Amino acid sequence: MIKKNKYKIYIFFILISLTLAIILFGLENFRFTNFSWISYYDMLAHQVAWKFFYNDVWHFPLGKNPNYGIDIGSSIVFTEAVPLLSIIIKVFKNFLPDNFQFFSFWIFLCFFFQLLFSYLIIFHYTQNKKYSTISSFIFLLSPVLFYRIPIHIALVGQWIILASFFIETIKKEKIRFYYWILILALSSLIHFYFTLMLSLIYIIFVFDKFLTNKKFLKSFKEIFIPFSFLLFVMYLSGYFEIPLTDSLGYGYGYYKANVLSFFNPAITMSSNFSWSNFLPSIPTARGEYEGFSYLGLGGIILLILLFFFFVKREPLLNFKKNRPYYLLVVIFFIIAISNTINFGNFVLLDISLPNFLYAPLSILRVSGRFVWPIYYLIFIAGLVLIYKKIEIKKNAILILITILFIQIIDISSGLKNYVNSKIFLENKKFTLNDPIWNLISKDFQNIRITFLKNSPNVLHQMADIFLKENFKKTDIFA
């Protein structure tokens, strides 16, 4: 923990995060009342869902959003519109405009927490502020983080994965336990996939302690209390507004990671740009864009360093001492690559699963995202190892700066596509903007579709109408 002048680092990270957010969006697009830059289908759907939720009266559960999906039932937690902020901001709706976006503010917050928690983790192991500060920029400039910005706004909150690793650095067991209760509940108010990841991470740590102390009742308590509170928060926020059967979906074994995901700078082979100035794109199977996790050339150097010291049986990488992290890497990697294991575009192994398993596995249908905790552990372990193995700490900082420089030069080919909202503007598509819709919205509150379908193609075209006009209800939803 930071004991002296701790607020200086907070202010510094706030300034860096705000500067980066403005560089990305531009001052004009950073305004809360300007949502013209929101162009990707998923993010548009999130903004539309947020508007219907925001302009509705309160319901119970608090996240209930019946106007977005008439006769079907919905909740803000199913729309990825960052339920935590959606619910908090709605409390103050009487003091705010009728229609605005908070997504740019959320991205600023994510940048700040990404810097902060990575700093706290590295500082815990090194006790070196300068080294920890420089290290935090490697976490901030992660391709896996930036990739999600224009698409899945809630999934930009990857700092919560770092927060879970930070919790395990807290020495007092009771405080650590309370933090886990808080962060598990918090994850459900950001995105359910974070809840799945953090739940599994927590269970792994509890299981590892059980292997050591053999205290069954204590372990049961450590599982029962946090997950009971988590279910309570999920109920309050509206997770159970739709039947469990409606939450099942296709995708396990398709939306997955590739064995070479850490080394592949292309999201798909049809991508307009590569995330590397040096490494070639690797052909992959369709659907593996969800497992995109390019480390960057600097990150790959850290991975090679880790592998080298692992082979040399470096004491810092001792299995017994780091057992929960090794378990985490193995379990999460198995989930991420699923039952169809690809090496590039070559199928190494395709395991047929019994049909009855696809129902529970559909909860993990986008399993490629489970590679993210491994991704950040590579950064953490590699950066800590450099500091611990270099006798002269000035040299450690010099090596770190070199790796950061290599990383920035490599991924600059991807980062340049984000400056001043460029990546959003390039995705602008046809939208309906006939002035007749303004007249229609004055006489009719509901707008419905003749052929009911989840995520209809017309939603993208209708988005501007929903955002600019005064319709109160719709069954055109995603």
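The values are calculated or read from the model by the stated rules, or taken from the named source; none is laboratory data. Here the structure is a predicted model, which means the values were calculated and not measured. Note: ideal-geometry Cβ built from the backbone for every residue, glycine included; neighbour counts use all protein chains shown. Note: areas computed on protein heavy atoms with side chains; ligands, DNA, RNA excluded. Shrake-Rupley method; radii C 1.70, N 1.55, O 1.52, S 1.80 Å.
Would you mind getting me the FRET efficiency between Y178 and Y10? Use the beta-carbon distance for r and R0 = 22 Å, nearest 0.05. Present the calculation step by step, with values, prior to reporting the outcome.
Details: r = 22 Å, r/R0 = 1.00.
With R0 = 22 Å, the Cβ-Cβ based efficiency is 0.50.
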For the chain, longest principal axis from Cα atoms; helix 393-415 axis from its Cα atoms; angle between them, nearest 10 degrees, is 30 degrees
If each K or R counts +1 and each D or E counts -1, the residues other than T340 whose Cβ falls under 14 Å of its Cβ total 0
Per DSSP, the loop-located trypsin sites (Lys or Arg not before Pro) within the stretch 167-231 having at most 13 other beta carbons within 10 Å are K171, K172, K214, K215
Taking a label point 7 Å from the Cα of D208 along Cα-to-Cβ, the residues of the stretch 326-359 whose backbone nitrogen sits under 20 Å from it are 326-336
Using alpha carbon centers only, the stretch 366-399 is separated from the stretch 93-141 by a whole-angstrom value of 18 Å
Note: E28 to K321 extended length (0.36 nm per residue) minus current alpha-carbon separation gives 100.4 nm
Length gained, S228-I392, 0.36 nm per residue minus C-alpha separation, equals 54.2 nm
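For R31, R369, R286, what's the largest-to-smallest order of accessible area, 1.4 Å probe? Present the calculation step by step, with values, prior to reporting the outcome.
Working: R31 100, R369 15, R286 190 Å².
Largest to smallest exposure gives the sequence R286, R31, R369.
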Counting only protein heavy atoms with a 1.4 Å probe and every protein chain in place, the carbon and sulfur fraction of the accessible surface of the chain in whole percent equals 67 percent
Stretched fully, the stretch from V91 through S36 gains (0.36 nm per residue minus C-alpha distance, one decimal, in nm) 17.3 nm
Descending packing, highest mean Cβ count within 10 Å first, for 401-412, 439-450, 332-343 is 332-343, 401-412, 439-450
Taking a straight Cα-to-Cα line shorter than 22 Å from K51, and setting aside same-chain lysines fewer than 8 residues away, one finds K64, K90, K93, K428, K429, K442, K453, K468, K472, K473
Between the modelled labels at K171 and L348 (7 Å from Cα along Cα→Cβ) the distance in nm is 4.1 nm
Whole-Hz Karplus couplings 3J(HN,Hα) for the stretch 291-308, θ = phi - 60° and coefficients 6.51, -1.76, 1.60, Gly and Pro as x, run x, 4, 7, 4, 6, x, 4, x, x, 5, 4, 5, 5, 5, 4, 4, 4, 4
Simple SL model, points at 7 angstrom along Cα→Cβ for F220 and F278; separation in nm is 5.4 nm
Here, the chain modelled as identical Cα point scatterers in vacuum has Debye log10 I(q)/I(0) at q = 0.06, 0.10, 0.12 Å⁻¹ of -0.28, -0.80, -1.17
Pseudo-spin-label distance F310 to I242, built 7 Å along Cα→Cβ, given in nm, is 3.8 nm
Over the chain, the sum of -39500 (n - 2.57) across DSSP H runs of at least four, divided by residue number and rounded to 500 deg cm²/dmol, gives at 222 nm -17500 deg cm²/dmol
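Could you give the accessible area per residue of the stretch 327-478, probe 1.4 Å, as a whole number in Å²?
Heavy-atom accessible area per residue stands at 53 Å².
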The set of residues whose placed amide H lies less than 5 Å from the amide H of N34, leaving out same-chain residues fewer than 5 positions away, is Q101
DSSP beta bridges in the chain: the antiparallel percent, rounded to 5, is 60 percent
From the cross-link list K8/K130; K214/K320; K172/K209; K321/K394; K209/K389, the entries with a Cα-Cα span beyond 19 Å are K321/K394; K209/K389
Most packed first (mean Cβ within 10 Å per residue), the peptides 193-203, 390-400 order as 193-203, 390-400
